[in-house]
Amino acid sequence: MKQAGIIGAGNIGCAVAQRLIATGHEVRMANRRGPESLGDQANVLGIVPATLEQAAGARDVVLIAIPEYAVAELPDGLFAHTPADAIILDAGNYYPGVRDGSIAEIDGGMPDSQWVVSRIGRPVIKMFNMIHANRIAESHRPAGAPDRLCLTIAGDDPEDRARAIALADSIGFDGLDAGALTESWRQQPGTPVYCAHLGIDAARAALAAARRDAVTAARQEALDRARSWQANGAQVGLWNAAGRSDRA
Ligand SMILES: NC(=O)c1ccc[n+]([C@@H]2O[C@H](COP(=O)([O-])OP(=O)(O)OC[C@H]3O[C@@H](n4cnc5c(N)ncnc54)[C@H](OP(=O)(O)O)[C@@H]3O)[C@@H](O)[C@H]2O)c1
């Protein structure tokens with residue numbers, strides 16, 4: 001049985017856990033409050049409640065699924081015992097101000113997952129950040145289905161990207177190689193592919209259409225729109241550049 005660790009027991013962590021368990025993984029899940037707080041996830045999803053160290057030590061794959069600011073709060077050396085051939089996936093997005101405060105390096109132009117690498121001292125694959133958690137749980141499809149969605153996958157090691165693409169396929173999604181982490185800004189909030197929930201051909205075109213000089217403004221515009229809707233009493237999440245209501 002393959003073993004996965006998930007750090008974060010919220011929307012995205014639980015959605016990915018569901019798919020991994022459905023496809024034969026043992027999933028160790030950890031959160032901020034500790035394993036004793038994970039009874040619901042254990043009962044409903046079948047995860048194994050874990051400490052951060054147990055989740056980070058999973059044999060095959062480790063997913064980081066916590067708010068961006070919280071990556072800086074993880075214990076030093078947490079990933080030192082992650083097996084060398086396990087892949088570490090980063091589902092995070094940076095939402096300055098509203099949730100994540102201010103992270104100077106990302107504000108200065110560093111792709112958010114490169115900042116995560118600088119914090120945890122291990123390479124990561126950027127994956128699951130550009131799809132709404134509900135879609136992971138509900139929109140998985142067999143290979144070849146005409147409405148199969150695509151996950152874009154960026155990371156510096158081509159073999160790790162290939163493994164992540166195979167993982168995406170195994171849980172019901174096409175994986176698209178999005179290149180190295182220097183290019184991963186193309187799938188951050190404010191880009192055409194972000195929460196657009198596209199098939200693989202459209203996702204490839206959306207990555208190519210991303211404009212780096214437009215990303216910060218588009219993200220800010222989306223956040224401002226969400227704030228103004230919230231001020232008017234609407235229950236909205238963080239909106240993407242195209243005004244879709246999907247939050248990630
Ligand atoms: N929501 C989506 O659809 C979606 C989709 C793609 C990507 N993302 C991105 O994925 C990340 C997580 O989003 P989410 O919506 O899943 O968040 P969420 O529902 O708010 O869950 C956050 C989880 O992170 C845990 N956490 C917070 N600080 C921690 C710390 N210092 N150490 C360990 N665990 C900590 C929390 O622990 P407790 O349970 O103890 O509170 C909680 O389980 C964000 O960066 C988000 O932008 C979200």
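For this structure, a couple of remarks:
- Qualifying residue in region 77-89 (condition: within 8 Å of the ligand (Cβ to nearest atom) and crowded, with 23+ Cβ neighbours inside 10 Å): no
- When the residues of region 162-182 are filtered to those that are closer than 25 Å to P67 by Cβ and free of Cβ contacts under 8 Å to residues at least 60 places away in the same chain, the one that is surrounded by the fewest Cβ atoms within 10 Å (Cβ to Cβ) is A180.
- Of all residues in region 72-89 being touching a residue at least 60 places away in the same chain (Cβ under 8 Å) and not in a loop (DSSP other than H, G, I, E, B), the one that is farthest from L181 (Cα to Cα): I87
- In the set R99, R122, only one residue is away from the ligand (no atom under 13 Å from the Cβ) and assigned to a loop (DSSP other than H, G, I, E, B); that residue is R122.
- Those residues of region 99-134 which are aliphatic (A, V, I, L, M), more than 20 Å from P75 (Cβ to Cβ) and either touching a residue at least 24 places away in the same chain (Cβ under 8 Å) or surrounded by 13 or more Cβ atoms within 10 Å (Cβ to Cβ) (or both), in sequence order: I106, M110, I125, M127, M130, I131, A133
- Residue check, Y69 assigned to a helix (DSSP H, G or I) and under 30 Å from D213 (Cα atoms): yes
- Within region 135-154, the residues that satisfy the criterion of being within 16 Å of the ligand (Cβ to nearest atom) and either without any contact (Cβ under 8 Å) to a residue 40 or more places away in the chain or surrounded by fewer than 14 Cβ atoms within 10 Å (Cβ to Cβ) (or both) are E138, L151, I153.
- Considering each residue of region 57-72 in turn, at least one proves to be among the basic types (K, R) and either touching a strand residue (DSSP E or B) at 6+ places or on another chain (Cβ under 6 Å) or surrounded by 22 or more Cβ atoms within 10 Å (Cβ to Cβ) (or both).
- Residue check for G97: among the small types (G, A, S) and modelled with pLDDT of 95 or more: no
- Just one of the numbered conditions (1) closer than 20 Å to L151 by Cα; (2) of a type in the set (G, A, S); (3) touching a residue at least 40 places away in the same chain (Cβ under 8 Å) is not true of G92: (3).
- Only residues that are within 8 Å of the ligand (Cβ to nearest atom) and either polar (S, T, N, Q) or surrounded by 22 or more Cβ atoms within 10 Å (Cβ to Cβ) (or both) were counted in region 16-36, giving 2.
- Hits in region 37-72 (condition: within 10 Å of the ligand (Cβ to nearest atom) and under 18 Å from the mean Cα position of the chain (by Cα)): L52, A55, L63, I64, A65, I66, P67, E68, Y69, A70, V71, A72
- Residues of region 9-48 classified as among the small types (G, A, S) and touching a helix residue (DSSP H, G or I) at 6+ places or on another chain (Cβ under 6 Å), total: 5
- Yes/no for S170 being hydroxyl-bearing (S, T, Y) and more than 16 Å from the ligand (Cβ to nearest atom): yes
- Residues located in region 1-15, provided they are outside any strand (DSSP E or B) and away from the ligand (no atom under 13 Å from the Cβ): M1
- Filter result for P96 (touching a Phe, Trp or Tyr at 6+ places or on another chain (Cβ under 9 Å) and surrounded by fewer than 19 Cβ atoms within 10 Å (Cβ to Cβ)): no
The values are calculated or read from the model by the stated rules, or taken from the named source; none is laboratory data. Since the structure is predicted, the reported quantities are computational estimates derived from the model, not experimental observations. Note that we place each Cβ from the backbone using ideal geometry, even for glycine, and neighbour counts take in every protein chain shown.
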